[in-house]
Amino acid sequence: MSLELNERIPNNVNLSEDPKLLRALEKWLPDYQSWWREMGPEGFQDTDVFLRTAISVDAKGWAHFDHVKMPDYRWGIFLTEPEAEKKIGFGDSYGQPAWQEVPGEFRGMLRRIIVTQGDTEPASVEQQRLLGQTAPSLYDLRNLFQVNVEEGRHLWAMVYLLHRYFGRDGREEAEALLERRSGNPDKPRILGAFNEPIRDWLAFFMFTMFTDRDGKFQLFALAESGFDPLARTTRFMLTEEAHHMFVGETGVARVIDRTVHLMRQDKNEDARAQGGIDLPTIQRYLNLWYSVSADLFGGEISSNAADYFASGLKGRYQEERYSDHLGLEGIYPMQVLENGRLVEQQVPLRNALNEVLRDAYIADCQRGVDRWNRILRAAKIPFEFTLPDRKFHRQVGIFAGQHFSLEGTPIAAAEWAARRDAWLPSPSDLAYVQTLMHPVRERGQVANWIAASRGVSGRPFDFDYVRLN
Ligand SMILES: [Fe+2]
Ligand SMILES: [Fe+2]
């Protein structure tokens, strides 16, 4: 049994030499499988999909491509190779040896960090479970499933940490990760954006562009952790996360590409008249998914963020870029609202670390938007995509419950209500995009509203990425 499990759970953590841990994971495995059957991609459990599987952490082993059924995907547990004499890179314990076991005083905090990260992984699979039925091509269908199985593997990564390092309460948290459900009011997922349904493929591309990118920055911050197993686990997850953002950024780029083409065909440059998605609708989707994803970084002024940093559990994006790793003296100047007016406040650096991470995120999002705008410029179309101001449409932090324009000017509730549908997808936008969601399942074919793409790993676009019977 152990050997078999060891085969079914590829790993580089010597699972077979830890019978207690193996037993715990053996107990969790069938629950995971029934979760996947119930909440994973609906209607494709017996379908052969051309998937990339991680089978080891070195460059040539991890990217193994083959047709597999998703329930047979080899959900592995991989940590990047340990560094000799690793030190804690920031916070109050800066310079001391990295922890190989959970530091007792930070146990609760560390468990909360791992559970919060872990909860997003199955949540996104749940949000996307119906999208396979309307995929615009077999290539896109395969990319969706690749993202889904990797989010499943990320859940394994977090559950491994809970089982291996947290004993009984870790096992209970691992069970609870399979019990919460995205969007279910009685047992919702922990973070807001992971309870928003993803009803169409433009929303999926925006999610993988903006929400998975939050994941990238959270993982980068955890990859700095003084708790070494967490650092090594999240470092390896980042290699998979990069592909999810590729799917999002290139997905939206292909929609823009096609829209440009359809505008040219129409005497009024009306993409909708040609069955495409018009540029203002794409901008409204961007505004929505960017703003709900910005919320995921948490409050602007946060004592939790300060505690996570002080304790050496969660660092900054690329901590090595900084010269001061204590963060005790810095000040972060921040806009806050006072009696309806924006004023600048000096926030102690440690309390502003969510905002510091959000800054890095915003700069990264902007680079992607710039690439989208190049498509429009090359086509000489006078339209430019922009990121809304960070205060726009926020539900978390100091700007929640207030209203701001796209430019970040405070506005009254009545003005917000009047302009909401110009700034965020309106019910009619959502209904229109939904009319385009028809599956295209012939090899090499693609829906009218999106351009084709290069293929996966040297295969052509008309490769049989998904074998439908
Ligand atoms: Fe993930
Ligand atoms: Fe992801």
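The values are calculated or read from the model by the stated rules, or taken from the named source; none is laboratory data. Note that the structure is a prediction, hence the values are computed from the model and not measured. No Cβ is skipped: glycine too gets one built from the backbone with ideal geometry, and neighbour counts run over all protein chains shown. With ligands, DNA and RNA removed, areas are computed over all heavy atoms of the protein, side chains included. Shrake-Rupley method; radii C 1.70, N 1.55, O 1.52, S 1.80 Å.
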(request) Starting from 0 in steps of 20 Å, tell me what percent of the Cα-Cα pairs of the chain lands in each bin. (result) 23, 56, 21, 0
(request) Considering the options PHE65, ILE114, TYR361, tell which one lies farthest towards the positive end of the dipole of the chain, charges being +1 on Lys and Arg and -1 on Asp and Glu at the Cβ, about the Cα centre. (result) PHE65
(message) Compute, for the stretch 402-469, the length of the dipole vector about the Cα centre, with Cβ point charges of +1 (Lys, Arg) and -1 (Asp, Glu) only. Units Debye, rounded to 20.
(response) 340
(message) Please compute the length gained on full extension between ALA414 and ARG321, using 0.36 nm multiplied by the number of residues separating them and subtracting their Cα-Cα distance.
(response) 29.0 nm
(message) To the nearest 20 Debye, how big is the dipole of the chain about its Cα centre, given +1 on the beta carbon of each Lys and Arg and -1 on that of each Asp and Glu?
(response) 780
(message) So with the 1.4 Å probe, I'd like the accessible area per residue for the stretch 197-324, rounded to whole Å².
(response) 28
(message) With viscosity set to 1.567 mPa s at 4 °C, what whole-number translational diffusion coefficient in µm²/s follows for the stretch 343-467 from Stokes-Einstein and a Kirkwood radius over Cα pairs?
(response) 69
(message) Based only on Cα atoms, what mean projected area does the convex hull of the stretch 29-126 have, in nm²?
(response) 8.7
(request) State the number of lysine pairs found in the chain whose Cα atoms come within less than 17 Å, restricting to pairs 8 or more positions apart or on distinct chains. (result) 4
(message) Along the charge dipole of the chain, pointing to its positive end and built from +1/-1 on Cβ of Lys, Arg, Asp and Glu, which listed residue (PHE217, GLY315, PRO41) has its Cα farthest out?
(response) PRO41
(request) Measure off, as a whole percent, the carbon and sulfur share of the 1.4 Å-probe accessible area of the chain, all protein chains present. (result) 48
